[in-house]
Amino acid sequence: MVKDRAFYPAVFTYEEGCEIAVEFPDLGVATSGTNDDDALMSARELLGCVLYGLEQDGEDIPEPSPLSTLSNAENERTVLVDVYMPSIRQAQSYKAVSRTVTLPAWLNALAVENGVNFSQTLQEALRKQLATS
């Protein structure tokens, strides 16, 4: 079942002179950050990407471990990281992709001369084409 909000424990590891390492034991992925805020933001972004990828691939999403079952070394802290999946899904649906388009040289020159925004023009033409199909 696809959930809209997910909460996973992340282990923050602190070592002198190093970035804060962040590991999600249930997902087998890790990231880091320069300070607590940066590490948490990186962890949240990674969590969203991993869960979205699992959803898209139709893979099982592991259940998060209860915080009470995790133990820490002296230089570690467990943090519950949350992500709101509708925001992640929407951001991915509006993600831009690059396409190569072939035009006659004269049409390209005329469009450039007139300041045509190729991306916007193609998007408008595709919307129009798909709405009438």
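The values are calculated or read from the model by the stated rules, or taken from the named source; none is laboratory data. Bear in mind the structure is a predicted one, so any value in this text is a computation, not a measurement. Note: ideal-geometry Cβ built from the backbone for every residue, glycine included; neighbour counts use all protein chains shown. Just so you know, the surface numbers come from the protein's heavy atoms only, side chains and all, with ligands and any DNA or RNA stripped out. Shrake-Rupley method; radii C 1.70, N 1.55, O 1.52, S 1.80 Å.
Which of Ser119, Cys18, Ser71 sits farthest toward the positive end of the charge dipole of the chain, with +1 on the Cβ of Lys and Arg and -1 on the Cβ of Asp and Glu?
Going by the charge dipole, the pick is Ser119.
Taking the Cα centre of the chain as origin and charging only Cβ (+1 Lys, Arg; -1 Asp, Glu), how large is the dipole, in debye to the nearest 20? All intermediate terms of the calculation are to be shown ahead of the outcome.
Working: 9 positive and 20 negative charges, 224 e Å.
Here the size comes out at about 1080 debye.
Leaving out ligands, DNA and RNA, and with a 1.4 Å probe, what % of the accessible surface on the range 1-47 is carbon or sulfur?
Details: 1420 of 2820 Å².
Its accessible area is 50 percent carbon and sulfur atoms.
Which entry in [x] 47, 33, 26; [y] 69, 44, 26; [z] 69, 40, 19 is this structure's computed Cα extents along the principal axes in Å?
[z]
Counting other Cβ atoms within 10 Å, keep those with at most 16, restrict to DSSP loop, and tell me which trypsin sites (Lys or Arg not before Pro) in the range 68-133 are left. Don't skip to the answer; put the middle values down first.
Details: sites: Arg77, Arg89, Lys95, Arg99, Arg127, Lys128; in loops: Lys95, Arg99.
Of the trypsin sites (Lys or Arg not before Pro), the ones in loops of the range 68-133 whose Cβ has at most 16 other Cβ atoms within 10 Å are Lys95, Arg99.
According to the square roots a ≥ b ≥ c of the eigenvalues of the Cα gyration tensor, what is the shape class of the range 57-102, taking rounded for a/c under 1.5, prolate for a/b larger than b/c otherwise, and oblate for the remainder?
Working: a/c = 3.27, a/b = 2.64, b/c = 1.24.
The shape class here is prolate.
Heavy-atom accessible area of Thr34 with all protein chains present, probe 1.4 Å, nearest 10 Å²?
100
Which residue fluctuates the most in the chain, going by a Gaussian network model with Cα springs under 10 Å, if the choices are Gly28, Gly115, Gly17?
Largest GNM mean-square fluctuation: Gly115.
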